[in-house]
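Only one structure is covered here, and it is reproduced in the block below.
The values are calculated or read from the model by the stated rules, or taken from the named source; none is laboratory data. On a predicted model such as this, the values are computed, not experimentally measured, just so you know. Methodologically, a virtual Cβ is constructed for each residue, glycine included, from the backbone with ideal geometry; neighbour enumeration extends over all protein chains shown.
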Amino acid sequence: MELDERKEKILYAIIRNYQETGEPVGSRTISKYSDLNLSSATIRNEMSDLEEMGLIVQPHTSAGRIPTDKGYRLYVDKMMLKNDIVPAGTDDFILQKVDRMELMLKQMAKLLAVNTNYATMISAPRYGRTKLKFIQLSQMDENRLLAVIVAEGNIIKNTVIDVEEKLTSEDILSLNLLLNTNLNGLTVDEISLGIISKIKSQAGEHTDIIGKVLDAIAEAISEEEELKVYTSGTTNIFKYPELSDGSRASKIINALEEKQQLTNLLIDSSLDEDNKGIQVYIGDETPIQNMKDCSVVTATYELADGLKGTIGIVGPKRMNYEKVVGTLNKLKENLDDMFSKEDEHNE
């Protein structure tokens, strides 16, 4: 939806004022914005048009207007087109390097909660595209092989494979050489049908064993441990009247404690590469039912060697989107800087 400059300025003025006060915004308040130079009557007419367009709403008779989800969405989409969102107050947002990943993630969640005054959640990093490092087949007895599959991130999978044909030590050596030569360094996505067909044709009578090993590899790389999610700032929800009444606050806090729902939200967000990994969910767009009165902003962070996780900020729909997006960008820069320096040191 395209707005003319006057309507856009009035909509943005309503949003910014409502972000600060949480109170419906009237035409007299908007007329005080020096760069508008419009009468209250003109502003009222423009506000009526914005209301008809579904961008603002009058919550009570004789009250001012507040933005709708649609109004926030227009505002956020325009904001996300900017590449220079660096809010004030992030210069001191510096992470301290700690030895344990769990401690660093908890530190991140707490810093974000303090900096933004919203609730925060962070998922532990996972390997987005895990590569196969090594395969070792060894004989257990005449009818069984042990397949040891090693992938990035110290993922080790031991699988017992039943075999019908008798294998010699030379057969096993040849199979190990065939598998490692063709598969090492590849992700599951990169193991194409062409590669599989090539390996099976070279395996000759042992194609059945190759098929079982490939199944075990796919399972080992795709198999995920339960994703850990760290939260902080849950009580910040009570700072916002529109979220702090008993039933609403209870639903939101329960949602923040329901790790599986958070896990699904954070995983889904990390799969979308648009907007450089930053996603904004407003109201009904939020996948979690108990967060429909909120906005959620998520960002994908990357550490090293393909380790990726997701950060989420939960607040009212009138949250300060510029500050939240800017803070997440700053955090991502800090992480990039921290781990790129570590990589340089290791080299």
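Within the range 312-329, identify whether any single residue is farther than 27 Å from residue 21 by Cα and either modelled with pLDDT of 90 or more or surrounded by 18 or more Cβ atoms within 10 Å (Cβ to Cβ) (or both), and answer yes or no.
No.
Take the residues in the range 173-199 that are surrounded by fewer than 13 Cβ atoms within 10 Å (Cβ to Cβ) and of a type in the set (Ser, Thr, Tyr); name whichever of them is nearest to residue 135 (Cα to Cα).
Among those that are surrounded by fewer than 13 Cβ atoms within 10 Å (Cβ to Cβ) and of a type in the set (Ser, Thr, Tyr), it is 181.
List, please: which pairs have Cβ atoms under 8 Å, are six or more places apart or on different chains, and start with a residue in the range 184-211 that is modelled with pLDDT under 85 and end with one that is of a type in the set (S, T, N, Q) and outside any helix (DSSP H, G or I)?
187/130; 188/130
Any residue at all in the range 119-134 that is at pLDDT 85 or above, among the β-branched types (Val, Ile, Thr) and under 25 Å from residue 295 (Cβ atoms)?
Within the range 119-134, one or more residues are at pLDDT 85 or above, among the β-branched types (Val, Ile, Thr) and under 25 Å from residue 295 (Cβ atoms).
If you take the residues in the range 158-172 that are of a type outside the set (Asp, Glu) and either surrounded by fewer than 16 Cβ atoms within 10 Å (Cβ to Cβ) or outside the structural domain of residue 205 (by TED's automatic domain parsing) (or both), which one is farthest from residue 184 (Cα to Cα)?
If we take residues in the range 158-172 being of a type outside the set (Asp, Glu) and either surrounded by fewer than 16 Cβ atoms within 10 Å (Cβ to Cβ) or outside the structural domain of residue 205 (by TED's automatic domain parsing) (or both), then 166 is farthest from residue 184 (Cα to Cα).
For the structure I just gave you, tell me whether residue 43 is closer than 26 Å to residue 237 by Cβ and either at pLDDT below 85 or more than 24 Å from the chain's Cα centre (by Cα) (or both).
no
Pull up the range 234-267, narrow it to residues that are of a type in the set (Lys, Arg) and touching a helix residue (DSSP H, G or I) at 6+ places or on another chain (Cβ under 8 Å), then point me to the one that is farthest from residue 125 (Cα to Cα).
248
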